[in-house]
Ligand code: C5P
C-alpha cells in the first residue's frame, strides 16, 4: 500500500496560556502543502499472538536528513502502529515493513514526522478494512503528538487546545509559497516552548491575542490583504533572538518580493506567500542569487522549495503493492 504524507505550514500560531499538565493552549491555522513523503507499507500476517512488529527503512538514504531519521522504536511510525494495535485490538502476528521516501525536512516545523504517523494510522485502518472512524483515529493521534490529528482531516484547519481540537476551514484560495530551511538548524518542540516561556517571563510580554479569527475570515472571504496581515507566529521573537541569521533570511525574502515571511511551527523553516506558483519560482531564483551575494549569509546553508496549498494531509494512492 502506498500512502502520500504531506507537510504542513502554520499560517498563524498563537500561545494563549498554559493547560493543566504543562502543555500550552494554542490557536493555529494549519495548511497542508504539496511537499510530500511517500510511505510504502508491506504487510505480512503470521499465525502468532505476537505484538505487531514494525520495520522501517529510508529508501532515499542519501537525503540530507538520513542521519537524523530514527529507524526504530523512537520513530512516530512505530509508536502509531503500536497505539493503533492497542486501541483496535488488531495487529497480533502482523509484520509491517515501511519504506519511507523522505522529502519533508526533519525538525523543521513542517511536521513531517507527525504526518508519517497519521499516514501509518490510515494505512493500518485500511489494511484491516476500516474498523475505526477518523474521529477514533484522531483520538489515537492526539495521544502521540499535538499536531498529528490534523493530518487525518487535512487541507486547512483551525487548531485549538494543544492543536488537536480541529475545525475545517473551507476556502478556495490557491496559496503559493516560497520556503527556506536553514540546513544546519534543527529546533525541537519542547525546547521552543521552554524558550518561549522564559522569553515571555523576561520581557514582561503578555501572552498573545489570537490571529486565528482574522486568518480564518480572510481565507473564507478570499481576502488576500487581510490574510497577509494575519500571518504570524508567536515563536518568531524567540527564534530570531537565538538565530539572528534566520531573521536575516526572512528580511531577504521580503526584499525579494514575498508578500509575507514567517516561520512555520517551531521553525526554523520560513515560508513566504507569493502571488502565483510562477512568482514563487521567480523569487526562489532571485533568492539563490541574493544568498550567494550576501557573504555573511552564504555560510548559512539553506534548502529551498516552492509549494502550493493542497486539501489533504494523507492520501492512499495505491492499495496493493508489488511484494
Ligand atoms: O505534542 P508534541 O509531541 O508535539 O509536543 C512535544 C512537546 O512540546 C511537549 O512535551 C510539550 O513540552 C511541548 N508542547 C507544549 N504545548 C503544546 C504542544 C507541545 O508545551 N501545545
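Things worth noting here:
- With the convex hull constructed from alpha-carbon coordinates only, segment 1-143 shows a mean projected area of 9.5 nm² over all directions.
- Annotation: extensible slack from residue 316 through residue 71 equals 86.0 nm (criterion: 0.36 nm per residue apart, minus Cα-Cα distance).
- From the C-alpha gyration tensor of segment 85-149, square roots of 5λ in Å: 22, 15, 9
- By DSSP, the beta bridges lying fully in the chain are antiparallel in about 90 percent of cases.
- Taken along the Cα-to-beta-carbon direction at a fixed 7 Å, the label points for residue 61 and residue 101 span 1.8 nm.
- Extension reserve of the residue 217-residue 130 stretch, reckoned as 0.36 nm per residue once the Cα distance is removed: 27.9 nm
- Once the Cα atoms are used to define both axes, helix 76-88 deviates from the longest principal axis of the chain by about 50 degrees.
- Least to most buried among 235, 30, 42 (fewest other Cβ within 10 Å first): 42, 235, 30
- Estimated translational diffusion coefficient (Stokes-Einstein, Kirkwood radius over Cα pairs, 37 °C, 0.692 mPa s) of segment 93-210: 194 µm² per second.
- Taking only alpha carbon atoms, segment 226-267 gives an Rg to Rh ratio of 0.96, where Rh is the Kirkwood radius.
- Between helix 134-144 and the chain there is an angle of about 70 degrees, using the helix long axis and the longest principal axis of the Cα atoms.
- For the chain, averaging the sequence separation of C-alpha pairs within contact (under 8 Å, six or more residues apart) and dividing by the residue count gives a relative contact order of 27 percent.
- Shown here: the chain, whose C-alpha atoms stretch 62, 42, 38 Å along the first, second and third principal axes, sorted largest to smallest.
- Largest GNM mean-square fluctuation among 218, 111, 158, using the chain with Cα springs under 10 Å: 218.
- Rounded to the nearest angstrom and listed largest first, the equivalent-ellipsoid semi-axes of segment 1-82 from its Cα gyration tensor are 31, 20, 13.
- You can think of it this way: the chain between residue 228 and residue 296 has 21.6 nm of extra reach, that is 0.36 nm per residue less the Cα-Cα gap.
- Globularity index of segment 230-317 is 1.15 (Cα radius of gyration / 2.2 N^0.38 Å, N = number of residues).
- Peptide packing: for 277-284, 190-197, the average count of neighbouring Cβ atoms within 10 Å per residue gives the ranking 277-284, 190-197, highest mean first.
- Helix 244-255 and the long axis of the chain differ in direction by around 70°, with both axes built from C-alpha atoms.
- Between residue 47 and residue 25, the distance separating the two model label sites (each 7 Å from Cα on the Cα→Cβ line) works out to 5.6 nm.
- Each principal axis of the Cα cloud of segment 166-323 was taken in turn, and the coordinate range along them, longest first, works out to 50, 43, 39 Å.
- With a Förster radius of 35 Å applied to the beta-carbon distance between residue 255 and residue 194, the computed FRET efficiency rounds to 0.60.
The numbers here are math on the coordinates, done by the rules we state, and not lab data. Values in this document were obtained by computation on a predicted structure and should not be read as measured data. Don't worry about glycine lacking a Cβ; one is built from the backbone with ideal geometry, like all the others, and counts go over all protein chains shown.
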